[in-house]
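A.B. asks: One structure follows; several queries about it will come next.
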C-alpha cells in the first residue's frame with residue numbers, strides 16, 4: 001500500500017507571509033545613524049563663528065594701527081604749534097624788554113627826579129587759545145634760566161623756548177590764549193621795574 005506524503009516546503013506561503021522584510025527592520029537604525037553622522041549644521045555654525053572671530057581680530061588690528069598713526073600725527077602737530085606759540089611769546093618778551101629800557105632811559109638822567117614820571121610799556125601777543133584743538137598752559141620762568149614753557153596734558157607734551165631780557169620778568173602760569181606784556185615801573189629805581197605777562 002503506497003503512502004503519499006504531502007510535504008510542504010519549509011517556509012511555505014504562510015511562513016513567507018508572516019516573515020518581516022529585513023530591510024524594513026534595518027531602516028530606523030540606519031536613519032538614526034545617518035542623522036548622527038550628519039555634521040553639516042555643526043560645520044556651518046563653527047565656520048560662522050570662526051569668520052566672526054577672524055573679522056573681529058582684523059578689525060581690532062586696523063583700529064589699533066590707525067589709532068597709533070593718528071596719535072603720532074597729533075603729537076607732532078601739538079609740538080609744532082606749541083613751538084610756534086612759544087617763539088611768538090618769547091619774541092614779545094624781548095621786544096617789551098627793549099621798549100621798557102628805552103622808556104626808562106630818560107628817568108636815568110641824574111638831573112631828573114625819578115619820581116617825576118613813570119615809564120609805561122604794553123605789548124600784546126595774539127597766541128592761540130588751543131593747539132591742534134587742545135588747550136594748553138603757559139609758564140613764564142625767570143632767572144637763572146629764563147624761558148617760556150608751554151604744556152598740554154592730553155597728550156602729555158611740553159616745549160621750552162628760552163628768551164633774553166635785561167629787565168626782570170615776573171614768573172607766572174596762565175592759560176593759553178592772547179596775552180598782554182606790561183612793564184611795571186618802580187617809582188624809586190628806574191632799573192627795578194619788571195615785566196608782567198597777563199591774560200587778556
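A.B. asks: Please work out if residue 70 is out of contact with any helix residue (DSSP H, G or I) (no Cβ under 8 Å at 6 or more places or on another chain), at pLDDT below 90, surrounded by fewer than 16 Cβ atoms within 10 Å (Cβ to Cβ) and closer than 15 Å to residue 165 by Cβ.
C.D. replies: Numbers: out of contact with any helix residue (DSSP H, G or I) (no Cβ under 8 Å at 6 or more places or on another chain): yes; at pLDDT below 90: yes; surrounded by fewer than 16 Cβ atoms within 10 Å (Cβ to Cβ): yes; closer than 15 Å to residue 165 by Cβ: no.
No, not satisfied.
A.B. asks: Which members of segment 116-147 meet the condition of being more than 18 Å from residue 171 (Cα to Cα) and without any contact (Cβ under 8 Å) to a residue 24 or more places away in the chain?
C.D. replies: Listed by number, the residues that qualify are 116, 117, 133.
A.B. asks: Right, another one. In segment 121-148, how many are under 19 Å from residue 74 (Cα atoms) and either surrounded by 15 or more Cβ atoms within 10 Å (Cβ to Cβ) or in contact with a strand residue (DSSP E or B) (Cβ under 8 Å, 6 or more places away or on another chain) (or both)?
C.D. replies: Total meeting the criteria: 8.
A.B. asks: For segment 170-200, what are the residues that are farther than 17 Å from residue 95 by Cα and in a strand (DSSP E or B)?
C.D. replies: Within segment 170-200, 172, 173, 174, 175, 199 meet the criteria.
A.B. asks: Are any of the residues in segment 160-167 surrounded by 14 or more Cβ atoms within 10 Å (Cβ to Cβ) and part of a strand (DSSP E or B)? Explain how you work it out, then say what you get.
C.D. replies: So the first thing to find is which residues in segment 160-167 are surrounded by 14 or more Cβ atoms within 10 Å (Cβ to Cβ), and the list is 160-161, 163, 165, 167.
Now drop any that are not part of a strand (DSSP E or B), which leaves 160-161.
Yes, segment 160-167 has at least one match.
A.B. asks: Let me ask something else about it. Taking segment 108-120 as the search range and keeping residues that are outside any strand (DSSP E or B) and modelled with pLDDT of 60 or more, which one is surrounded by the fewest Cβ atoms within 10 Å (Cβ to Cβ)?
C.D. replies: Among those residues, the one meeting the criterion is 118.
A.B. asks: Among the candidates 92, 152, 99, which residue alone is more than 30 Å from residue 72 (Cβ to Cβ), surrounded by 17 or more Cβ atoms within 10 Å (Cβ to Cβ) and modelled with pLDDT of 95 or more?
C.D. replies: Values: 152 fails: more than 30 Å from residue 72 (Cβ to Cβ); 99 fails: modelled with pLDDT of 95 or more.
Of the residues listed, the single one that is more than 30 Å from residue 72 (Cβ to Cβ), surrounded by 17 or more Cβ atoms within 10 Å (Cβ to Cβ) and modelled with pLDDT of 95 or more is 92.
A.B. asks: Considering only segment 137-179, how many residues are closer than 18 Å to residue 193 by Cβ and out of contact with any helix residue (DSSP H, G or I) (no Cβ under 9 Å at 6 or more places or on another chain)? First the steps, then the outcome.
C.D. replies: Pass one, segment 137-179, residues closer than 18 Å to residue 193 by Cβ: 140, 142-143, 146, 163-172.
After this cut, where a residue has to be out of contact with any helix residue (DSSP H, G or I) (no Cβ under 9 Å at 6 or more places or on another chain) as well, the list is 142-143, 170-172.
Summing the residues that are closer than 18 Å to residue 193 by Cβ and out of contact with any helix residue (DSSP H, G or I) (no Cβ under 9 Å at 6 or more places or on another chain) in segment 137-179 gives 5.
A.B. asks: Would you pick out the residues in segment 168-178 that are farther than 18 Å from residue 134 by Cα and crowded, with 20+ Cβ neighbours inside 10 Å?
C.D. replies: Initial filter on segment 168-178 (farther than 18 Å from residue 134 by Cα): 168-172.
Once the filter is applied, which keeps residues that are farther than 18 Å from residue 134 by Cα and crowded, with 20+ Cβ neighbours inside 10 Å, segment 168-178 yields only 169.
The values are calculated or read from the model by the stated rules, or taken from the named source; none is laboratory data. Just so it is clear, the model here is predicted, and its values are computed rather than measured. Ideal geometry is used to build each Cβ from the backbone, glycine not excepted, and the neighbour counts take in all protein chains shown.
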